[in-house]
Each structure stands twice: as structure tokens, then as C-alpha cells.
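This report concerns only the one structure given below.
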Amino acid sequence: MRTQVVIVGGGPSGLLLGQLLHRAGIETVVLERQSRAYVLGRIRAGVLERGLVGLMGEAGVDARMKAEGFVHDGTQIAYDHEMFRVDFAEHTGATVLVYGQTEVTRDLYEARDATGGDTRFEVDNVVIDGADTDAPYVMFDHEGKRVRIDCDFVAGCDGFHGVSRKTIPDAVRRDYEKVYPFGWLGVLSETPPVHPELIYANSDRGFALCSMRNANLSRYYIQCEMSDSPDNWTDDAFWDELRRRIPQAAADTLVTGPSIEKSIAPLRSYVCEPMRWGRLFLCGDAAHIVPPTGAKGLNTAASDVHYLNQGLRQFYATGDSHELDAYSSNALARVWKTQRFSWWFSNLMHRYPGQSDFDRNMQLAELAFLRDSPEAQAAMAQNYVGLPY
Ligand code: FAS
Ligand code: PHB
């Protein structure tokens, strides 16, 4: 079998790339390790940058997100018993859209169905071969058979634990990593959000985040130990701890209910260089990971997809490979800026184990400076709504 682009990974990166390439008449096959139901059962990102919203429009898949997503033109920052607002629209003229990654992925799968796109679920033992030649191919197990697909290019969209990044030889690849000494315990509940905007809270007891998916579906997080487990937390214990970490006015009005999902995400910063090896191009979590504090994971996957889509379109339309050749440097230039913002915001908002009183005062001083400085708020707003592609 032969196709133009094999996309390894049927998460948001792979599906968005597949849809954009389809719109340019470029044929793809998507290989996904899990079932569609499993992929759609994951609860992950919640905030979409303007760039991702624009790409979904370019892909012709933005109708539901525009009808059901919440436009947010600011966010709340709480610390030391006070709360202030960072106004995105005032500083950037831009907003973000609150619309769950699960729904983005659902919309993209439905769009791919409509195009008759070839998607293989529950594949196994994927091997990418010949990436350093002009005749790459992908082998995989599917429905009891070993299958080979020859192609022009391979897009590695298979997340942090996929095979694509590991296909780049160790001697070629450089890994940059920082592991944070805490995680996020997240709860999804069918309750009204505690506030119309997100609340990022830095409390003496640790970080908390109040987010949402719709008017009756809320998403909450509290910083937890790396070694913690969701099984250690009853719903009541979670709600009690969340109340202790958010402003009193919010704690007093918090509507609680049974958790319909409860999970812990580890926090790490990670970048792989280069993001290309021959005919293999890495996109999204396959190439980089950020702590979710700045809501940059899914959104940085989107900018990778933008650059790769541009490069592949140019190649197939003209034979010119300049944009493909610039893919890794273009994508990494923006990746490192979103890494910095996510690292900065995570360090500002979390309590580090064994944090000294001096370091605690540095955090409080920076939060007070952010509260009082329009310029500091403008810098945060520019990063939060999304740096230009
Ligand atoms: P994904 O990991 O989403 O998708 C990769 C796909 O490849 C998966 O479906 C996987 O099954 C498949 N795959 C893996 N190996 C394969 C193989 N060998 N063959 C075929 N398929 C294979 N970001 C935010 O902005 N905000 C958040 O709150 C947030 N929370 C997160 C919580 C968790 C637990 C995790 C893990 C991530 C979170 N993220 C968050 C980041 C997340 O949203 C990612 O940035 C986003 O899923 C990136 O999308 P993809 O690059 O498509 O990778
Ligand atoms: C979410 O709603 O899941 C969410 C929102 C903002 C973040 C992280 C997660 O920074």
C-alpha cells in the first residue's frame, strides 16, 4: 500500500494535520494505537489559543467550538487572600476559547469520517523505517496482519510515549528536560463553574486551578505530591482541600458534586531537538511537553501542525522544500518561548517542597508586581492568548 503522508498518532495533532492536508488534496493514513473511544475518553486541555481556533477554522471544523465554546477575555490570579484580573483583550485585543480537547478531538474525528479518511485504530508494533531516505515506510500490526505502507513523509504525532521520537538516532537527537517535584490532581464534576473565568491560585497549601468545560461541567486541579494517587482522595477530601486554596468568596460559593473523572498528571518540561529527521517530522507531545499551568500543551502542538502543513503544501504544490527544511527551526523557535512561559508561570504559582521563606517572598513579590504593573500583565496576556505563528 502507498500514501503521501503517514500520520502516526490519532490525537489532536495527527487529526488536525490530517484534516488540513486533506483540504489541500494531500492523502494521509492515520495510525492510532488505541480505540477511538479510548482516545475520546481522555480529559486533557481546556483552553484554546487564537492560533488553534484559527487552524480549526482553516480545517473547516470550527462550527461546534464557536457555538459551544466560551470566549474568555481575561483570567483571575489569586494569592495571599486576594485576587486580581489579567485582561487579555485590553492588552492584546485577543481572547482565548474554553473548549475541551476531548471535543476538539471529537470534532476532528467526525470531520475525518466525513472525508472518508483512512484511520487505523488499535494498531501495534509500529516501526518507522527509511526515514533517512527518500522512500520511507511504516510497518504495523493491524487486525492480525503485519501491514506495510510506503509513503513520501511520516508525521510523528504519537505523543510523549510514542515511537516516532525514538526513531531519531540517539546520536542525532538532543533531549532537554525538567521534572517538577509535584503533580496535578484533576477532577471533572457536573457542577456549575465557581467563577465565570479561570482562577489560578497560589496558596500557602499549594497551587489550585478552577476551570470549566461548559455551564454545568467544571474542571478543578490541586497541586499534589508526585507520589500521590487519585485513590488517596475521596471527593470530599478534594473539595475540602480546594476550598482551602482558593479565595474565600469562591470557597463559599463553590458547588460540589461527585467526580466523574479523577486523575493525576505529572509535570515536566521537555523538548526534543531536532523535530525532523529526514522524511520524519515530529509534532506536538511527540516533540515537547509543558507543565499544563500555562495551557500550552495542545496549543503548541497546533503551531507545529501549522508549520508542517505549510511545508507539505508547498512541497506538493511546487516541489519546493524550503518550508519543510525550515520546519524544525521554525517550530522550535516558538516551542522554546512557550516552554519559557509555562516554566515561568509554574514556578510563580506552585509551592516547591522545602521552599525557603526567601523564595516564598520572591513569589509573593512577583505576584504583587504582576498585580500592580500593566506592562507585566501585558507580557503575561501576550503569552497566554498565544504568540504569533
Ligand atoms: P496526544 O498524546 O494527545 O496524542 C498522541 C496519540 O498517539 C494518542 O492518541 C496515542 O494513543 C497515540 N499513540 C501513541 N503511541 C502510538 C504508536 N506507537 N502508534 C500509534 N499511535 C500511538 N495540555 C493543556 O494545554 N492543558 C491541560 O490541562 C493538559 N492536561 C493534560 C493532562 C494529561 C494527563 C496529559 C498526558 C497531557 C495534558 N495536556 C494538557 C497536554 C495535552 O493536551 C497534549 O498537549 C496534547 O494531547 C498533545 O496532543 P498530541 O500531540 O496529539 O498528543
Ligand atoms: C483545563 O481546563 O483543563 C485547564 C485550563 C487551563 C490550564 C490547564 C488546564 O492552564
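The values are calculated or read from the model by the stated rules, or taken from the named source; none is laboratory data. Bear in mind the structure is a predicted one, so any value in this text is a computation, not a measurement. FYI the Cβ positions are ideal-geometry reconstructions off the backbone, even for glycines, and counts take in every protein chain you see. Keep in mind that these areas ignore ligands, DNA and RNA; they rest on the heavy atoms of the full protein, side chains included. Shrake-Rupley method; radii C 1.70, N 1.55, O 1.52, S 1.80 Å.
Within the range 329-337, can one find any residue that is open to solvent by less than 10 Å² (accessible area, probe 1.4 Å) and under 23 Å from R371 (Cα atoms)?
No, the range 329-337 has no match at all.
Based on this model, can you work out whether A208 counts as within 15 Å of ligand 2 (Cβ to nearest atom), open to solvent by 60 Å² or more (accessible area, probe 1.4 Å), outside the structural domain of R313 (by TED's automatic domain parsing) and out of contact with any Cys (no Cβ under 8 Å at 6 or more places or on another chain)?
Working: within 15 Å of ligand 2 (Cβ to nearest atom): yes; open to solvent by 60 Å² or more (accessible area, probe 1.4 Å): no; outside the structural domain of R313 (by TED's automatic domain parsing): yes; out of contact with any Cys (no Cβ under 8 Å at 6 or more places or on another chain): yes.
When the stated conditions are applied, A208 does not pass them.
Looking at S263, S303, which is the one that is of a type in the set (S, T, N, Q), over 14 Å from the mean Cα position of the chain (by Cα) and at pLDDT 95 or above? So that I can check it myself, show each step before the final result.
Numbers: S303 fails: over 14 Å from the mean Cα position of the chain (by Cα).
Every option except S263 fails the conditions.
Name the strands (runs of 3 or more DSSP E) wholly within the range 213-320 that hold at least 1 residues that are within 16 Å of ligand 2 (Cβ to nearest atom) and crowded, with 24+ Cβ neighbours inside 10 Å?
On the way: elements: 217-224, 259-273, 280-282.
Hits in the range 213-320: 217-224.
Between a first residue in the range 21-49 that is more than 18 Å from G159 (Cα to Cα) and a second residue that is within 16 Å of ligand 2 (Cβ to nearest atom) and not hydrophobic (A, V, I, L, M, F, W, C), which pairs have beta carbons less than 7 Å apart while being 6 or more apart in sequence or on different chains?
Within 7 Å, the pairs are L48/Y99; L48/N299; E49/N299; E49/G386.
Do the conditions hold for V96, that is, is it in contact with a Pro (Cβ under 6 Å, 6 or more places away or on another chain) and either at positive phi or among the β-branched types (V, I, T) (or both)? Let's see the steps before the verdict.
Values: in contact with a Pro (Cβ under 6 Å, 6 or more places away or on another chain): no; either at positive phi or among the β-branched types (V, I, T) (or both): yes.
When the stated conditions are applied, V96 does not pass them.
Starting from the range 339-350, take each residue that is buried (at least 20 other Cβ atoms within 10 Å of the Cβ) and list its partners that are at pLDDT 95 or above and β-branched (V, I, T), counting only C-beta distances under 7 angstrom and pairs at least six apart or across chains.
Q339/V271; Q339/V290; S342/V290; S342/T293; F345/T293; S346/T293; M349/T293
Would you check if there is a residue in the range 74-86 being surrounded by fewer than 19 Cβ atoms within 10 Å (Cβ to Cβ), touching a residue at least 12 places away in the same chain (Cβ under 8 Å) and in a helix (DSSP H, G or I)?
No, there is no match, as no residue in the range 74-86 is surrounded by fewer than 19 Cβ atoms within 10 Å (Cβ to Cβ), touching a residue at least 12 places away in the same chain (Cβ under 8 Å) and in a helix (DSSP H, G or I).
Of the residues that sit in the range 19-43 and are within 9 Å of ligand 1 (Cβ to nearest atom) and in a helix (DSSP H, G or I), which one is least open to solvent (accessible area, probe 1.4 Å)?
As a first pass, look at the range 19-43 and keep what is within 9 Å of ligand 1 (Cβ to nearest atom): 30-34, 38-39, 42-43.
Subsequent filtering for residues that are in a helix (DSSP H, G or I) retains 38-39.
Working: Y38: 125, V39: 9 Å².
Of everything passing the filter in the range 19-43, V39 is least open to solvent (accessible area, probe 1.4 Å).
Examine the range 61-71 for a residue that is closer than 18 Å to A301 by Cβ and open to solvent by 60 Å² or more (accessible area, probe 1.4 Å), and state whether such a residue exists.
Looking for residues that are closer than 18 Å to A301 by Cβ and open to solvent by 60 Å² or more (accessible area, probe 1.4 Å), one finds none in the range 61-71, hence no.
Just to check your reading of the model, which residue among E90, E177 is under 30 Å from G294 (Cα atoms), away from ligand 2 (no atom under 16 Å from the Cβ) and part of a strand (DSSP E or B)? Before the answer, list the steps.
Working: E90 fails: part of a strand (DSSP E or B).
Criteria check complete, one pass: E177.
In the range 159-174, which residue that is among the β-branched types (V, I, T) and in a loop (DSSP other than H, G, I, E, B) is farthest from T3 (Cα to Cα)? So that I can check it myself, show each step before the final result.
Residues of the range 159-174 that are among the β-branched types (V, I, T), as a first pass: 163, 167-168, 172.
Among the residues that remain, those that are also in a loop (DSSP other than H, G, I, E, B) are: 163, 168, 172.
Numbers: V163: 20, I168: 22, V172: 27 Å.
Only one residue fits best here, namely V172.
When residues of the range 159-183 are filtered for being under 27 Å from Q314 (Cα atoms), hydroxyl-bearing (S, T, Y) and open to solvent by 20 Å² or more (accessible area, probe 1.4 Å), how many remain?
So the count comes out to 1.
Which of the residues that make up the range 351-362 are of a type in the set (D, E, K, R) and open to solvent by 80 Å² or more (accessible area, probe 1.4 Å)? Break it down stepwise before answering.
Quick first cut of the range 351-362, residues of a type in the set (D, E, K, R) only: 351, 357, 359-360.
Answer for the range 351-362, where residues must be of a type in the set (D, E, K, R) and open to solvent by 80 Å² or more (accessible area, probe 1.4 Å): just D357.
If only one of M226, M212 is closer than 30 Å to A286 by Cα, modelled with pLDDT under 95 and within 16 Å of ligand 1 (Cβ to nearest atom), which one is it?
Details: M212 fails: modelled with pLDDT under 95.
None of the other options fit; the residue is M226.
Scan the range 44-59 for residues that are open to solvent by 50 Å² or more (accessible area, probe 1.4 Å) and more than 16 Å from ligand 2 (Cβ to nearest atom) and jot them down.
Step one: of the range 44-59, the residues open to solvent by 50 Å² or more (accessible area, probe 1.4 Å) are 44, 50, 58.
Of everything in the range 44-59, just one residue is open to solvent by 50 Å² or more (accessible area, probe 1.4 Å) and more than 16 Å from ligand 2 (Cβ to nearest atom), namely E58.
Can you tell me which residue within the range 123-158, out of those that are closer than 11 Å to E32 by Cα and part of a loop (DSSP other than H, G, I, E, B), is most open to solvent (accessible area, probe 1.4 Å)?
Selected residue: D158.
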